Amino acid sequence: MSKFPVEYNHQDSDSLVDAVNYLLSGPSNLGQFFTGASSYGTSQMTGNFRPPYATTPVIKNGLGASGSTTIEVADSEGIRTGMTVTGTGVGVAAVVNTVNADNVVVSVANADAVSGLVQFDNQTTTPLFVAPIALAAGTYIDPYTKQFNFAVAQPSPPFQEGNSLLVQGTSVTDYNIWYRGPGVIECTTTYVILRSVAAVTAAGPSAGGTVVFTATVPAPTVGATPLPDRWISTDQTVNSSVLGPLDQVFVSGQLNNSFTVVTTASATTLKYSVAINRYSAYPTADPNVPAYLYSSATTVARVDREVLTAAAAGTYNIANLETIFNTVTDNPGSGFYLYRLEVCWRVTTTGGAGQVTASTIGLRNLTAQVIKQ
């Protein structure tokens, strides 16, 4: 046990060694290894297993006269034609027609005077559910990559890059897995190319089956093993290095979320969960995957809510659900960790059927701070 003050005599040699070791082990103030992320811009969750976890809006201070189609901005960096435009005074369904150095021209005249924050988005809605699509054939490209052709051409590419898809029912059993991280690497109206983390032994072409994109855990089935939570990450993620086995991590977070639920059964109950989950990093030498992989989630803090009990099939909008995690203490031991602010939707009624089709997140943040013991 170190002590203060250290006296200059042989009896204090152990105290001196302990004190020097403590100093060399790193700083012990409250500000060490502080990391955090925050955002107030309205974003759409993508459901991706890897970034982007949410659409990234461009927010500028804007000025515009009522009835005008011009909005002045300090600079137009990041603004592109075709972006949707929202803000106080901006016309309904306005999109960017022309981008200039200090102003943008929009497609709809301003409904009122524009003065304040204006948000520019790449798209208005990111779907979190695409109904099962029948497959005609699957092709082995390499141990990690497969191509699946749709049985019928789709009106537009149904999936976005990074989506995690479930393939099931094909004639090659090994192809019937979740393809997450990277997930979709290419999608057209006639096929989708998927990439998985786990390698699959070389196999021939497959026939039949379906592919689906969903962010909702389905209703339980009597006699079947309950399905695990399916955590969907927000864009609030932070890394943290813990050097000592007794070091603690103080974690806090906040999330405002609005989402749409479509039910197709007469009685459906939906549970909404928000959690701060910790993932342990470990390196890999495989050239086909990133430098680090992360183990399964360990929940540090969690809030569960029953947000919908639908008596009839229909579309339901759940607005402005606020979740706040005050400082939570975690003691993971030495290592490199990833903390994520995540959500999970689950249908809890046997026989129920519903899907979360879109999720809009507002003010959110996540912080992690290591405290040396």
>> Can you report the number of residues in the stretch 333-343 which are within 19 Å of Tyr282 (Cα to Cα) and crowded, with 19+ Cβ neighbours inside 10 Å?
In response: 4
>> Any residue at all in the stretch 305-326 that's surrounded by 15 or more Cβ atoms within 10 Å (Cβ to Cβ) and outside any strand (DSSP E or B)?
In response: no
>> Here is a list: Val172, Val192. Which entry is surrounded by 17 or more Cβ atoms within 10 Å (Cβ to Cβ) and either more than 27 Å from the chain's Cα centre (by Cα) or under 22 Å from Pro228 (Cβ atoms) (or both)?
In response: Val172
> Does the stretch 240-247 contain any residue that is modelled with pLDDT of 90 or more, part of a strand (DSSP E or B), over 18 Å from Ala275 (Cα atoms) and not polar (S, T, N, Q)?
Replying inline: yes
> Got a sec? Which of Thr98, Thr201, Thr139 is part of a strand (DSSP E or B), of a type in the set (S, T, N, Q), in contact (Cβ under 8 Å) with a residue 40 or more places away in the chain and not assigned by TED's automatic domain parsing to the domain that holds Ser233?
Replying inline: Thr139
> Which pairs have Cβ atoms under 7 Å, sit 6 or more apart or on different chains, and link a residue in the stretch 163-178 that is under 15 Å from Ile193 (Cα atoms) and free of Cβ contacts under 8 Å to residues at least 40 places away in the same chain to one that is surrounded by 15 or more Cβ atoms within 10 Å (Cβ to Cβ) and among the basic types (Lys, Arg)?
Replying inline: Tyr175/Lys146
> Among the residues of the stretch 118-144, how many are modelled with pLDDT under 95, surrounded by fewer than 18 Cβ atoms within 10 Å (Cβ to Cβ) and over 19 Å from Arg180 (Cα atoms)?
Replying inline: 4
> Do we have any residue at all in the stretch 267-283 that's loosely packed, with under 15 Cβ neighbours inside 10 Å, in a loop (DSSP other than H, G, I, E, B) and either small (Gly, Ala, Ser) or not assigned by TED's automatic domain parsing to the domain that holds Gly162 (or both)?
Replying inline: no
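The values are calculated or read from the model by the stated rules, or taken from the named source; none is laboratory data. These numbers were taken from a predicted model, which means no experiment stands behind them. In this analysis, Cβ positions are derived from the backbone assuming ideal geometry, glycine residues included, and neighbour counts consider all displayed protein chains.
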